[in-house]
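Undergrad: Quick one: structure below, then a few questions.
The values are calculated or read from the model by the stated rules, or taken from the named source; none is laboratory data. Not measured: the values here are computed from a predicted model. Counting neighbours? That spans all protein chains shown, and the Cβs are built from the backbone with ideal geometry, glycine included. Note: areas computed on protein heavy atoms with side chains; ligands, DNA, RNA excluded. Shrake-Rupley method; radii C 1.70, N 1.55, O 1.52, S 1.80 Å.
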Amino acid sequence: MRPFILLKALLFFVGLSTLNAQILKPAKWSTEVSAKEVKAGDEITLIFRAAIDNNWYLYSSEFDCEDGPIKTEFIFLPDKSYEKIGGIVAINPIDKHDKVFECDLKIFKGKAEFRQKIKVLSSPLKISGSYEYQICTDLTNQCVPGEGEFLFDKIKVSGAAASSKPQASIEKPVPTALDTTKSKTPSSTSNKQQLTTVLGPQLDPSLVHEDTKSNSFLGFFLLAFLAGLAALLTPCVFPMIPMTVSFFTGRGTKFQALMYGLSIVIIYTMIGAVLAPLMGPETANHLSTEWIPNLIFFSVFIVFGLSFLGLFEITLPGTFINKVDQQAEKGGLTGVFFMAFTLVLVSFSCTGPLVGSILVSSAGGEFLKPIVGMFAFALAFAIPFTLFAFFPNWLKSLPKSGGWLNTVKVVLGFIEIALAFKFLSIADQAFHWHILDREINLAIWIVITALIGIYLMKGFRLPGDSGKDAEDKTVSVLRVALAIITFTFLIYLVPGMWGAPLKALAGYLPPMSTHDFDLLAANRKDKPNEICDIPKYSDFLHLPHGLNGYFDYKQALACARQQHKPLFIDFTGHGCTNCREMEARVWSDPQVLKRLKENFVVVALYVDDKTELPESEWYTSKYDSKIKKTIGKQNSDLQIANLNNNAQPFYVLLGNDERVLVSPKPYDLSVENFVRFLDEGKKKFEVVF
């Protein structure tokens, strides 16, 4: 739907707020060996190094704190070609006292090194195994568990085989199964034994991580930049451009004009920097799914929208603005800065709602996001003032101020109100209130879209419309063009009331399962896939496209074993925009849907569902030692503790032994890639089982 690219971009701008935090990888591991050519009977040293990100620290392999954090541990697979000499040795760790665990620890900062001596027994020499570790930061009080595998098989060995001494200890086996053991209290055993994983030794753990942070930041930067350009076309800002330029052309210098634009950028960026600590990863899931933050965001967008429609103005105290303006009259660079500050304050009634929207949308777990958003907004906002100050003749090409500025403001107000319902929808789905099902949300959007089209055609006036432009009923060609786009979008929305998928908006509407009057589903003739028993939680959780499946991991695994099929795990969320988009644009494809129905047992694990379970089903997490009481908390813990991943959507294919069959799949709108992912998992399952 090419005509709706701009509107979809605006919708995506709000949708970014619902994304969960990216998976963190603060440690990068590498290996080395002291000699690459040896003789049987020689002793060599294996070296393991970790490069640690700034402000993070890695726990060492040995300290007297049995119930403390996870120690770094190396697990060697037995092989007749070598034997270990002693244990792993940590090289120069530093001491740290942990107040929570009340014990002394050893950690590494910046870089870590571990060494293990081995005796070469025969050729070919093959040394393999895995390692587990925990890395933390005091900045955000986060800890991330990690694991990896190592292999030394390029060492050349000469000479006759050497004798081996019996090893005194039995090696711990490589963990292979998804741990679903639940306990009411934390285990008294060492935490180094508390983390198991679905990653079998045949899979490189790095494959499950996909860093989309750069893409997320770039998209957010561009959308915030567009918001800054939109702010220029409001009645509070547009008239300020010639006024400001006339000041600099009259008595200011080019350097002062440049500093004026730079001051605008600094002021807005400082706002983002002040609020950045409130937008960190610890608050991401809370802000994304809790009903109180989402109702606050909903109310904020409604207030901003009504302000743009002219119901009232959001202004700052006049005395404060006057004091800042007095500072601007002092001249020099200080005066230029306060002149920029005056512009920011005077234009607040128009820029405030847009700035507020950017800050709300940046509350998704990235510390830098509000800073990036404010910088991008300010950059777009400041560039015209600076350029027109340098090239004042360009002012002649600007359209005159008039009623069209208020039209821009009103249209933005309608869009703000429409987008507000995204936040109400998230809370509604997470708590199953059923006050904003899909057709209700669509009906609201249809009405708002119709009002925008009628307003563009001058069908009614609002308080801000006055003067000759308001009295003149003549409609410009530009207004007609915009009205055509608006009404076209309106017609696109209408079939959605009867169950049309509306793929272009799938990520921003409630799921199809909340739609009561779905004619497409009523006429669907596809035979539903068979499952083993009635799914738990199916009275309020549903799968899309007529799929039958489960919402509880244990129940789904039991059915997969009974039907002798691989298990398709969908880590999803009510507030996950990209999850809905994947379901509408990828799952709906006949190739994908056929495979899901015939070849897999499907389980959707909602990580943000707020349904509290009976106390008998609560358990204390082995990952963060917190009691998990809700469906969402338990599903999230399952994903983080076993896959070291906390992003959604995230798709995992498991065999009946709970091993990952192929590399898990993150968000990817390519149907071809998703079909390949499913086919590779099924093929691997058939080979193994």
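Undergrad: Given the stretch 494-594, what helices (runs of 4 or more DSSP H) lie entirely inside it while holding 2 or more residues that are modelled with pLDDT under 95 and touching a Gly at 6+ places or on another chain (Cβ under 7 Å)? Break it down stepwise before answering.
TA: Values: elements: 519-522, 553-563, 577-582.
Once the helices (runs of 4 or more DSSP H) in the stretch 494-594 are filtered for at least 2 residues that are modelled with pLDDT under 95 and touching a Gly at 6+ places or on another chain (Cβ under 7 Å), what remains is 519-522, 577-582.
Undergrad: Would you mind finding the one in SER663, SER636 that is surrounded by 24 or more Cβ atoms within 10 Å (Cβ to Cβ) and either of a type in the set (Gly, Ala, Ser) or without any contact (Cβ under 8 Å) to a residue 24 or more places away in the chain (or both)?
TA: SER636
Undergrad: Please verify whether LEU653 is touching a strand residue (DSSP E or B) at 6+ places or on another chain (Cβ under 7 Å), in contact (Cβ under 8 Å) with a residue 40 or more places away in the chain and not in a strand (DSSP E or B), treating the condition exactly as stated.
TA: Considered against the rule, which asks whether it is touching a strand residue (DSSP E or B) at 6+ places or on another chain (Cβ under 7 Å), in contact (Cβ under 8 Å) with a residue 40 or more places away in the chain and not in a strand (DSSP E or B), LEU653 comes out as no.
Undergrad: Something else now. Kindly indicate whether GLY453 is surrounded by 15 or more Cβ atoms within 10 Å (Cβ to Cβ), closer than 30 Å to TRP404 by Cβ and at pLDDT 90 or above.
TA: yes
Undergrad: From LYS554, LYS536, which residue is of a type in the set (Lys, Arg), surrounded by fewer than 20 Cβ atoms within 10 Å (Cβ to Cβ) and touching a strand residue (DSSP E or B) at 6+ places or on another chain (Cβ under 8 Å)?
TA: LYS536
Undergrad: Can you tell me how many residues within the stretch 96-109 are at pLDDT below 90 and either open to solvent by 40 Å² or more (accessible area, probe 1.4 Å) or under 29 Å from LYS39 (Cα atoms) (or both)?
TA: Summing the residues that are at pLDDT below 90 and either open to solvent by 40 Å² or more (accessible area, probe 1.4 Å) or under 29 Å from LYS39 (Cα atoms) (or both) in the stretch 96-109 gives 8.
Undergrad: For the stretch 429-440, enumerate the residues that are surrounded by fewer than 23 Cβ atoms within 10 Å (Cβ to Cβ) and on the phi < 0 side of the Ramachandran plot.
TA: Those that are surrounded by fewer than 23 Cβ atoms within 10 Å (Cβ to Cβ) and on the phi < 0 side of the Ramachandran plot: PHE431, TRP433, ILE435, LEU436, ASP437, ARG438, GLU439, ILE440.
Undergrad: Is there a residue in the stretch 597-618 that is open to solvent by 20 Å² or more (accessible area, probe 1.4 Å), modelled with pLDDT under 90 and over 24 Å from PRO535 (Cα atoms)?
TA: Among the residues of the stretch 597-618, not one is open to solvent by 20 Å² or more (accessible area, probe 1.4 Å), modelled with pLDDT under 90 and over 24 Å from PRO535 (Cα atoms), which makes the answer no.
Undergrad: Which residue, of GLN648, GLN634, GLN639, is under 26 Å from GLY148 (Cβ atoms), part of a helix (DSSP H, G or I) and not basic (Lys, Arg)?
TA: GLN639
Undergrad: Take the conditions hydrophobic (A, V, I, L, M, F, W, C), loosely packed, with under 13 Cβ neighbours inside 10 Å and modelled with pLDDT of 80 or more and apply them to VAL411. Does it pass?
TA: For VAL411, the condition - hydrophobic (A, V, I, L, M, F, W, C), loosely packed, with under 13 Cβ neighbours inside 10 Å and modelled with pLDDT of 80 or more - is not met.
Undergrad: Then there's this: Can you list residue pairs whose Cβ atoms sit under 9 Å apart, with the first residue in the stretch 590-607 being farther than 22 Å from LEU638 by Cα and the second being acidic (Asp, Glu) and surrounded by fewer than 24 Cβ atoms within 10 Å (Cβ to Cβ)? Count only pairs 6 or more apart in sequence or on different chains.
TA: GLN591/GLU672; LEU593/ASP526; ARG595/ASP679; LYS597/ASP526; ASN599/ASP679
Undergrad: Which one is nearest to TYR133 (Cα to Cα), of the residues in the stretch 15-69 that are aliphatic (A, V, I, L, M) and at pLDDT below 80? So that I can check it myself, show each step before the final result.
TA: So the first thing to find is which residues in the stretch 15-69 are aliphatic (A, V, I, L, M), and the list is 16, 19, 21, 23-24, 27, 33, 35, 38, 40, 44, 46-47, 50-52, 58.
Filter again for at pLDDT below 80, leaving 16, 19, 21, 23-24.
Details: LEU16: 32, LEU19: 27, ALA21: 21, ILE23: 16, LEU24: 14 Å.
Only one residue fits best here, namely LEU24.
Undergrad: Please determine whether any residue of the stretch 646-658 is open to solvent by less than 10 Å² (accessible area, probe 1.4 Å), among the hydroxyl-bearing types (Ser, Thr, Tyr) and within 26 Å of the chain's Cα centre (by Cα).
TA: Step one: list which residues in the stretch 646-658 are open to solvent by less than 10 Å² (accessible area, probe 1.4 Å), which gives 649-655.
Narrowing the set further to residues that are among the hydroxyl-bearing types (Ser, Thr, Tyr) leaves 651.
The next check asks that each one be within 26 Å of the chain's Cα centre (by Cα); those that pass are 651.
Taking every residue of the stretch 646-658 in turn, at least one turns out to be open to solvent by less than 10 Å² (accessible area, probe 1.4 Å), among the hydroxyl-bearing types (Ser, Thr, Tyr) and within 26 Å of the chain's Cα centre (by Cα).
Undergrad: Test of understanding: among LYS473, LYS422, which residue is surrounded by fewer than 18 Cβ atoms within 10 Å (Cβ to Cβ) and either touching a residue at least 12 places away in the same chain (Cβ under 8 Å) or assigned to a helix (DSSP H, G or I) (or both)?
TA: Only one candidate qualifies: LYS473.
Undergrad: Residue by residue through the stretch 50-67, note down the ones that are open to solvent by less than 80 Å² (accessible area, probe 1.4 Å) and either more than 30 Å from the chain's Cα centre (by Cα) or closer than 21 Å to GLY86 by Cβ (or both). Even if it seems obvious, please write down each step before you answer.
TA: Within the stretch 50-67, the subset open to solvent by less than 80 Å² (accessible area, probe 1.4 Å) is 50-53, 56-61, 63, 65.
Passing the criteria: ALA50, TYR59, SER60, SER61, PHE63, CYS65.
Undergrad: Just name the residue that is surrounded by the fewest Cβ atoms within 10 Å (Cβ to Cβ) out of those in the stretch 74-95 that are without any contact (Cβ under 8 Å) to a residue 40 or more places away in the chain and outside any strand (DSSP E or B).
TA: So the residue we want is ASN92.
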